[in-house]
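*Asks:* Have a look at the structure that comes next, please.
The values are calculated or read from the model by the stated rules, or taken from the named source; none is laboratory data. Predicted model only: the values in this text are computed from it and were never measured. Cβ placement follows ideal geometry from the backbone for every residue including glycine, while neighbour counts extend to all protein chains displayed.
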Amino acid sequence: MYLVSNDMTATLPARSSLRLGAGPGERVAVRCTAGELWLIRDGDPKDTALTASECFTSSEGHVELYAITAASLHVTRCKAAPDPAGDAWRQRLWRWLGPRSHGYTSDGR
C-alpha cells in the first residue's frame with residue numbers, strides 16, 4: 001500500500017493495492033490504462049470497477065485501489081484555483097455585514 005502525493009503513473013501487480021487521498025478542495029482522477037482495478041471509497045457503500053481506458057474521479061477523502069489483475073494506471077490531482085473575484089466579493093460582503101451599529105435601539109425601534 002502506498003500513499004500518493006503527486007500526479008503519477010503506476011503498475012500494480014495482481015492482488016496488490018494503492019491508497020489515494022484527496023485533501024480539501026482537491027479532486028483525484030484515476031485512469032486505468034491496462035488490466036482491472038477495484039475502487040473502494042471511504043464512506044461510500046458502492047464500489048467501482050475499472051477496466052482499461054475507464055476513468056474515475058473522486059473528491060475529498062480516500063480511495064483504495066485494488067488490482068484484480070496486473071494493472072497500469074495514471075493518477076491526476078486537480079485543485080481548484082482560488083477565485084480572486086469571489087474573494088473580493090466575500091471581503092465586501094463581510095465589510096457590509098460585519099459588526100457595526102445598524103441604528104437599532106435595545107427596545108427594537
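*Asks:* Do we find a residue being modelled with pLDDT of 85 or more, among the aliphatic types (A, V, I, L, M) and out of contact with any Pro (no Cβ under 9 Å at 6 or more places or on another chain) anywhere in the range 21-29?
*Replies:* Looking through the range 21-29, at least one residue is modelled with pLDDT of 85 or more, among the aliphatic types (A, V, I, L, M) and out of contact with any Pro (no Cβ under 9 Å at 6 or more places or on another chain).
*Asks:* Output the number of residues of the range 39-68 satisfying the condition of being closer than 18 Å to residue 15 by Cβ, of a type in the set (Gly, Ala, Ser) and within 14 Å of the chain's Cα centre (by Cα).
*Replies:* Summing the residues that are closer than 18 Å to residue 15 by Cβ, of a type in the set (Gly, Ala, Ser) and within 14 Å of the chain's Cα centre (by Cα) in the range 39-68 gives 0.
*Asks:* Let me ask something else about it. Looking at 53, 59, which one is closer than 21 Å to residue 78 by Cα and assigned to a strand (DSSP E or B)?
*Replies:* 59
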